[in-house]
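The values are calculated or read from the model by the stated rules, or taken from the named source; none is laboratory data. Please read these numbers as outputs of a predicted model, since none were measured by experiment. Methodologically, a virtual Cβ is constructed for each residue, glycine included, from the backbone with ideal geometry; neighbour enumeration extends over all protein chains shown. In case anyone asks, the SASA skips ligands and DNA or RNA and just uses the protein heavy atoms, side chains included. Shrake-Rupley method; radii C 1.70, N 1.55, O 1.52, S 1.80 Å.
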Amino acid sequence: MKMKSNHELPAKQISFMKGVMRDPVLFANHVLSVSLWEREAEILQSIKDHRRTAVKACHGVGKTFTLAIATLWWLARYREGIVLTTSPTQRQVRTQLWSEIHRAVERARVPYPKLKTTELKFRDDNNFALVFSTNQAENFQGYHGKQVLIIADEAPGIESGIWDAVAGTMAGGEVHIVMAGNPTVPSGAFFDAFTKERGLW
């Protein structure tokens with residue numbers, strides 16, 4: 001069946017589609033075919049509206065699933081959107097966050113480009129998501145796209161050097177960061193987000 005172009009779609013349908021792309025919760029519902037509970041929707045709205053989002057949660061409550069949705073929404077929302085994902089080890093980000101990304105793509109109502117294990121090129125070379133391990137901190141500063149989303153999963157275990165690189169990346173352009181984890185370490189950037197730097201997050 002031939003798909004209609006935007007010029008052939010009714011104005012109301014075009015308006016609805018634009019609204020879906022602007023709203024990560026609607027995107028999750030209508031594009032990825034998933035229903036969210038209240039906290040998951042709250043996290044996604046915070047990522048959309050705020051430059052800094054910190055999520056304090058134990059294992060198994062859906063935070064990594066929510067970060068996967070955020071990744072796919074950001075790529076679809078911005079034509080030159082970039083998502084940089086990291087975790088204490090490359091194995092963790094590959095087996096946790098990127099496993100969720102792969103599952104979300106499989107459920108999606110629209111076809112996605114073929115994914116690599118830890119890389120997704122969406123529209124073109126300027127619109128992609130990929131993984132950095134914590135020993136690649138300096139590479140974060142090489143990405144200054146128009147819209148950049150940095151996702152730090154299991155954030156309490158991430159080494160301090162990565163946060164310095166992230167701070168440099170956030171100095172220019174439209175850069176949002178979300179870090180999530182179980183607050184098991186009483187120091188570091190994640191701990192500070194809920195204590196002395198709470199007003200920034």
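Structure values in brief
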quantity: Residue that is under 18 Å from Ala104 (Cα atoms) and open to solvent by less than 10 Å² (accessible area, probe 1.4 Å), where the choices are Ile43, Ile69; calculated: Ile69
quantity: Count - residues of region 82-106 that are in contact (Cβ under 8 Å) with a residue 12 or more places away in the chain and either part of a helix (DSSP H, G or I) or farther than 15 Å from Ala68 by Cβ (or both); calculated: 16
quantity: Selection status of Ser35, small (Gly, Ala, Ser) and modelled with pLDDT of 85 or more; calculated: yes
quantity: Residues of region 154-201 that turn out to be without any contact (Cβ under 8 Å) to a residue 40 or more places away in the chain, open to solvent by 50 Å² or more (accessible area, probe 1.4 Å) and in a helix (DSSP H, G or I), as a count; calculated: 6
quantity: Filter result for the condition that a residue is touching a Lys or Arg at 6+ places or on another chain (Cβ under 6 Å) and either surrounded by 18 or more Cβ atoms within 10 Å (Cβ to Cβ) or among the hydroxyl-bearing types (Ser, Thr, Tyr) (or both), over Phe122, Phe128, Phe132; calculated: Phe128
quantity: Enumeration of residues in region 78-101 that are more than 24 Å from Val175 (Cβ to Cβ) and surrounded by 17 or more Cβ atoms within 10 Å (Cβ to Cβ); calculated: none
quantity: Which numbered condition Val20 misses (of (1) closer than 20 Å to Leu120 by Cα; (2) of a type in the set (A, V, I, L, M); (3) at pLDDT below 95); calculated: (1)
quantity: Residue match in region 114-122 (condition: closer than 24 Å to Leu75 by Cβ, part of a loop (DSSP other than H, G, I, E, B), among the polar types (S, T, N, Q) and modelled with pLDDT under 85); calculated: no
quantity: Breaking point among (1) part of a helix (DSSP H, G or I); (2) at pLDDT 85 or above, for Arg109; calculated: (1)
quantity: Qualifying residues in region 169-201 (those that are in contact with a helix residue (DSSP H, G or I) (Cβ under 8 Å, 6 or more places away or on another chain) and among the β-branched types (Val, Ile, Thr)) - the one nearest to Ile82 (Cα to Cα); calculated: Val175
quantity: Any pair with Cβ under 6 angstrom, 6 or more apart, that starts in region 11-23 at a residue that is in contact (Cβ under 8 Å) with a residue 40 or more places away in the chain and within 11 Å of Ala76 (Cα to Cα) and ends at one that is open to solvent by 40 Å² or more (accessible area, probe 1.4 Å) and among the charged types (D, E, K, R); calculated: Met21/Arg77
